Structure formats: C-alpha cells, structure tokens
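The values are calculated or read from the model by the stated rules, or taken from the named source; none is laboratory data. Source: prediction; values computed, not measured. Cβ placement follows ideal geometry from the backbone for every residue including glycine, while neighbour counts extend to all protein chains displayed. Just the protein is used for accessible areas: all its heavy atoms, side chains included, with ligands, DNA and RNA removed. Shrake-Rupley method; radii C 1.70, N 1.55, O 1.52, S 1.80 Å.
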Amino acid sequence: SAKLVRPGTKNKSIKLVQLALSTVTDINGCEPGKWDAATQNAFARYQRNIGRVGSDASGLPEVNTLKRLAAESGIFKIDE
C-alpha cells in the first residue's frame, strides 16, 4: 500500500514504482527497491509533469500521484 512508501524505505513495492517511473520519466542511478534521492527526484519530475507545483511536487509519495502513475503505467495497483 502507499502507506508503506516513505523516503529511505526499501521494499519490493518501491521496485514496482521505480519501474513505473521509468516508463514516464527518466530515473537514473536509483537503488532498486529503495526510495532514495534518485527515486524522489524522478517522482518529483513526474509530479511536475502532471501539473503539481510547489510542495505538491516534493517527490514524496502520496496516494493521488501513485494512483495516477499506477493507472498510466499499468505496472502496479494501489489498494484502497
């Protein structure tokens, strides 16, 4: 679930998010399965790409962006 995704967190859900990010933006040098700086930067880029601004494009995972990324990529699902 999205609640398990936090900066520094390492799990297989994050690997799926990283894979999904790689389909919508460039994500270079990330550690697979870890929400590291490279992953956060890519997530922030994606947030800006979909119209988020300021603190809404922090690169921190939040459910609405994760849902959109899930829908666009088809790589993972967000459980309600």
*Might you report the magnitude of the Cβ-based charge dipole of the chain about its Cα centre, with Lys and Arg at +1 and Asp and Glu at -1, to the nearest 20 debye?*
120
*asked:* Sorted from largest to smallest, which semi-axis lengths in Å does the alpha carbon gyration tensor of the range 35-80 give for its equivalent ellipsoid, taking the root of 5 times each eigenvalue?
replied: 17, 12, 10
*With the dipole of the chain worked out from charges on the C-beta (+1 for Lys and Arg, -1 for Asp and Glu) around the Cα centre, which of Ser73, Val17, Asn41 lies farthest toward the positive end?*
Val17
*With the Cα gyration tensor of the chain in hand, convert its eigenvalues to equivalent ellipsoid semi-axes via √(5λ) and list them largest first in whole Å.*
16, 14, 12
*May I ask you to derive the relative contact order of the chain, considering only C-alpha pairs under 8 Å and at least 6 residues apart, and to give it as an integer percent?*
33
*Just check the range 19-59 against the gyration tensor rule for me: Cα atoms, a ≥ b ≥ c as the square roots of the eigenvalues, rounded for a/c under 1.5, and otherwise prolate or oblate depending on whether a/b exceeds b/c.*
oblate
_Give me the 1.4 Å probe accessible area per residue for the chain, excluding ligands and nucleic acids, in Å²._
57
*With the chain treated as a Gaussian network of Cα nodes joined by springs under 10 Å, which of Thr23, Thr39, Thr65 yields the largest mean-square fluctuation?*
Thr23
*Can you tell me the dipole magnitude for the range 41-80 around its Cα centre, using point charges on the Cβ only (Lys, Arg +1; Asp, Glu -1), in Debye to the nearest 20?*
180
*Whole-Hz ³J(HN,Hα) from phi, Karplus 6.51 cos²θ - 1.76 cosθ + 1.60, for the range 53-69, glycine and proline x*: 9, x, 5, 7, 10, 7, x, 8, x, 9, 5, 5, 5, 4, 4, 5, 4
